[in-house]
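Engineer: Just dropping this structure here.
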Amino acid sequence: MAARTAANDRRDLAVIILRPLAALALLLSPLLTAGPTAVAQGSPVCEPDRVCLYENFGFGGQRWPLLPETADVGPAANDKASSVFNNTSGAVLLYGDTGFQGVVICLNPRAEIDNLALFGLNDTISSISSGPAGGCT
Ligand SMILES: [Ca+2]
């Protein structure tokens, strides 16, 4: 496995930056390595069929469980999320701006990102939509 980076070490995750910064495509090996944070085995706490945004890295702090179609995450959660868990059966797109605008990342079903700063998206997420039916590519 060549040229590993800290981002590549994230587990159970397949994410691609769709636009505009491009060139940051990450495919991660499921469960090959534990993350650097002390995340317990299993999934973060999140209601069924919701996309949960978390105030802190590692799924801590305030939790915001949201539907996978949310044009505006609301004033409490806007630009606050530092980690995210997609606890739905479909891929979702996370946007930097409200109304499904701005920087986008794709998150596969049941995938998580425990540090959005690795993707340049700390304290940025503002809206969420359903992703590709076939999952993130
Ligand atoms: Ca934003």
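Where a number appears in this text, it was derived from the coordinates with a stated rule and is not lab data. Treat the numbers as computed from the prediction; the structure is a model and nothing was measured. Note: ideal-geometry Cβ built from the backbone for every residue, glycine included; neighbour counts use all protein chains shown.
Engineer: Does the range 105-128 contain at least one residue that is among the β-branched types (Val, Ile, Thr) and farther than 11 Å from Leu53 by Cβ?
Structural biologist: yes
Engineer: How many residues are touching a Phe, Trp or Tyr at 6+ places or on another chain (Cβ under 8 Å) and either touching a residue at least 24 places away in the same chain (Cβ under 8 Å) or away from the ligand (no atom under 16 Å from the Cβ) (or both) if we restrict to the range 56-79?
Structural biologist: 8
Engineer: Could I ask something else about it? Give Val103, Val92 a once-over and let me know the one that is of a type in the set (A, V, I, L, M), under 16 Å from Pro65 (Cβ atoms) and touching a Gly at 6+ places or on another chain (Cβ under 7 Å).
Structural biologist: Just one listed residue meets the conditions, Val92.
Engineer: Cβ-Cβ below 6 Å, separation at least six or inter-chain, first residue in the range 83-104 and on the phi > 0 side of the Ramachandran plot, second within 16 Å of the ligand (Cβ to nearest atom): which pairs?
Structural biologist: Qualifying pairs under 6 Å: Gly99/Ala71; Phe100/Ser127; Phe100/Ser129; Gly102/Tyr95; Gly102/Gly96.
Engineer: On to the next question. Residues of the range 80-96 being assigned to a loop (DSSP other than H, G, I, E, B) and more than 12 Å from the ligand (Cβ to nearest atom), which ones?
Structural biologist: Ser82, Thr88, Ser89, Gly90, Ala91
Engineer: Considering only the range 125-137, state which residues are more than 18 Å from Phe57 (Cα to Cα) and touching a Lys or Arg at 6+ places or on another chain (Cβ under 9 Å).
Structural biologist: Those that are more than 18 Å from Phe57 (Cα to Cα) and touching a Lys or Arg at 6+ places or on another chain (Cβ under 9 Å): none in the range 125-137.
Engineer: Could you list, in sequence order, all residues of the range 97-124 that are touching a Lys or Arg at 6+ places or on another chain (Cβ under 8 Å) and within 9 Å of the ligand (Cβ to nearest atom)?
Structural biologist: Answer for the range 97-124, where residues must be touching a Lys or Arg at 6+ places or on another chain (Cβ under 8 Å) and within 9 Å of the ligand (Cβ to nearest atom): Val103, Asp123.
Engineer: Assess whether Gly120 counts as being crowded, with 23+ Cβ neighbours inside 10 Å and either among the acidic types (Asp, Glu) or touching a Leu at 6+ places or on another chain (Cβ under 9 Å) (or both).
Structural biologist: Answer is no for this residue.
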